[in-house]
Amino acid sequence: MPEQLIARVEACYQQAEAFFKQRFARPEVSFKLRGQKAGVAHLTENKLRFNPQLYRENRDDFLKQTVAHEVAHLIAHQLFGLKIQPHGEEWQLIMRGVYELPPNRCHSYAVKRRQVSRFIYRCSCPQGEFPFSAQRHALVAKGRRYYCRRCKMTLSFSGEQRRE
Ligand SMILES: [Zn+2]
Ligand SMILES: [Zn+2]
């Protein structure tokens, strides 16, 4: 667990408590988030999930902006309930008033697409090229057969692999 991030979550709660003069229940924090999103706030479960890869690559901005953004969702929910818009005026008030941050909806961190291996299969057609996933390639090894719809030939592994 990145300690700095946990400390920042706590600091955001203390700022909100000082501002609104009330206590807020602390959320469960997890780092099981991959892909494009930097963070997710689960309102009814009072839970925050953060993306460890984007955190490592954008630490300063992530601590400042992303953590406050997601905490503000939970604070807004505890104050105003489920009827508000996710990035509506209540959430924006918390971002501006409590954290003195711009209420940006999205981060601008560079997201690398996860690379996947493709196994190139061929038939007898001149342009017959079939990029198989690793899962499908494994099924072929277990005896599964795939056919070209045009030439009806069994697709066979060409020995070529590619990352895309
Ligand atoms: Zn949001
Ligand atoms: Zn074919």
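The values are calculated or read from the model by the stated rules, or taken from the named source; none is laboratory data. On a predicted model such as this, the values are computed, not experimentally measured, just so you know. Neighbour counts run over all protein chains shown; Cβ positions are idealised from the backbone, glycine included.
Summary table
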quantity	calculated
Answer from ASN51, ASN46 - the residue that is closer than 18 Å to LEU5 by Cβ, over 14 Å from the mean Cα position of the chain (by Cα) and free of Cβ contacts under 8 Å to residues at least 40 places away in the same chain	ASN46
ALA72 surrounded by fewer than 10 Cβ atoms within 10 Å (Cβ to Cβ) and away from ligand 2 (no atom under 16 Å from the Cβ)	no
From HIS137, HIS107, residue being at pLDDT 90 or above, surrounded by 12 or more Cβ atoms within 10 Å (Cβ to Cβ) and either over 22 Å from PHE19 (Cβ atoms) or among the acidic types (Asp, Glu) (or both)	HIS137
All helices (runs of 4 or more DSSP H) inside the range 43-136 with 1 or more residues being within 19 Å of SER30 (Cα to Cα)	52-57, 67-80
